[in-house]
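Structure, as structure tokens:
The values are calculated or read from the model by the stated rules, or taken from the named source; none is laboratory data. Keep in mind that what you see is a predicted model, and the values were worked out from it rather than measured. So basically every Cβ, Gly included, is an ideal-geometry build from the backbone, and we count neighbours across all protein chains shown. Protein only, heavy atoms only, side chains kept; ligands, DNA and RNA dropped before computing areas. Shrake-Rupley method; radii C 1.70, N 1.55, O 1.52, S 1.80 Å.
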Amino acid sequence: MLVLNNTGAQLLTFLLTGIPGLRGVQAWISIPLCVLYVIALSGNSMILFVVLREQSLHETMYYFLSMLSATDLSLSLCTLSTTLGVFWFEAREISLNACIAQMFFLHTFTFMESGVLLAMAFDRFVAICDPLRYTVILTNARIAQIGVSMLIRNVAVMLPVVLFVRRLSFCSSVVLSHSYCYHVDLIQLSCTDNRINSILGLFALFSTTGFDCPCILLSYVLIIQSVLNITSSEGRWKAFNTCISHISAVAIFYIPLISLSLVHRYGHSAPPFVHTIMANIFLLIPPVLNPIIYSVKTKQIRKAIGKVLIQKQLQI
């Protein structure tokens, strides 16, 4: 078998995989998959549009929501071409350079989503625990600093990962386990020692989601303590109700992520299609559900979307 290193990258082709064992029905499975992509792209684009357009939504909470929508939109676009290409046209081939680029953006935006959820938890913490200083602490400049720092953090942890993947040697015509390029999947196909790559991947994971998740939990412990100190039951419910959308967003991001990790770690006896379906669900559920949750639970977003849709109908 031919072994190629980074100098022969242009000759090396990976083969993406649809759903193992269900190749005959992949065309049918692609229909709901395509619907989910349409919902994710249109929903997050609508959230971004109304937040940018409506002056009443130019507030801290909605700035963070627009960051979440931009991240979800980017995450969906990362896998759209290869996933639908595999399911619709059997276009399974991808070059090493394209694979590494997709892997970089996929993981960067996944870590970005975790960081945005942490920033939104901090926003809820300040709003409930220190409301009098809310506008002083979360200024527009500080929100921009938070967004830029998260982006720098995620790019910084992923650059070494990418550079060391480039140093690996691969066997030609290797088959990946998903319809997109995933770091663990990619390095397992190398013909050389990949221990450094595994260590860098774990460091990237623990320094992003591994840091963000405990901080989010800590913020909600403090929020619950503050809410319980409110004397009236109506006040407690009103305060906690402002967190429900964010709690839902955290749940639909971390629960599939943890479930996928457990399946990869302990589900060796599970059929291969289970791993593939869960991997696609992990990437699609947050972008699909986040705009729906915030549109349903947030009155201002709902009114802004209704206003935009009414104006478009009047123009027609």
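Listed values, structure above:
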quantity	calculated
Residue check for SER198: hydroxyl-bearing (Ser, Thr, Tyr), in contact (Cβ under 8 Å) with a residue 24 or more places away in the chain, farther than 17 Å from THR82 by Cβ and surrounded by fewer than 21 Cβ atoms within 10 Å (Cβ to Cβ)	no
Filter pass, ALA156 being closer than 26 Å to LEU202 by Cβ, among the hydrophobic types (A, V, I, L, M, F, W, C), modelled with pLDDT of 95 or more and exposed (fewer than 15 other Cβ atoms within 10 Å of the Cβ)	yes
Test for LEU151: is it open to solvent by 50 Å² or more (accessible area, probe 1.4 Å) and either modelled with pLDDT under 95 or among the aliphatic types (A, V, I, L, M) (or both)	yes
Residue match in segment 273-292 (condition: over 25 Å from VAL86 (Cα atoms) and at pLDDT below 90)	no
Some residue of segment 243-254 being of a type in the set (A, V, I, L, M), in contact with a Lys or Arg (Cβ under 7 Å, 6 or more places away or on another chain), open to solvent by less than 60 Å² (accessible area, probe 1.4 Å) and more than 30 Å from MET158 (Cβ to Cβ)	yes
Pairs where the first residue, in segment 289-306, is open to solvent by 80 Å² or more (accessible area, probe 1.4 Å) and the second is of a type in the set (D, E, K, R), C-beta under 9 Å, 6+ apart	VAL296/ARG302; GLN300/GLU54; GLN300/GLU59; LYS303/GLU54
Matching residues in segment 37-69 - criterion: being part of a helix (DSSP H, G or I), in contact (Cβ under 8 Å) with a residue 12 or more places away in the chain and more than 17 Å from ALA249 (Cβ to Cβ)	TYR37, LEU41, SER45, PHE49, VAL50, LEU52, ARG53, SER56, LEU57
Candidates PHE64, PHE105 - the one that is under 30 Å from ILE310 (Cα atoms) and either modelled with pLDDT of 95 or more or open to solvent by 50 Å² or more (accessible area, probe 1.4 Å) (or both)	PHE64
Whichever residue in segment 171-189 is open to solvent by 20 Å² or more (accessible area, probe 1.4 Å) and out of contact with any His (no Cβ under 9 Å at 6 or more places or on another chain) and, among such residues, is nearest to ILE277 (Cα to Cα)	VAL175
Pairs where the first residue, in segment 247-275, is closer than 30 Å to ILE223 by Cα and the second is modelled with pLDDT of 75 or more and open to solvent by 80 Å² or more (accessible area, probe 1.4 Å), C-beta under 8 Å, 6+ apart	SER248/LYS297
Answer residue from segment 67-91, given it is closer than 17 Å to PRO32 by Cβ and of a type in the set (Phe, Trp, Tyr) and is surrounded by the fewest Cβ atoms within 10 Å (Cβ to Cβ) among those	TRP88
Per-region count, segment 212-242, residues surrounded by 12 or more Cβ atoms within 10 Å (Cβ to Cβ) and either touching a residue at least 40 places away in the same chain (Cβ under 8 Å) or assigned to a loop (DSSP other than H, G, I, E, B) (or both)	13
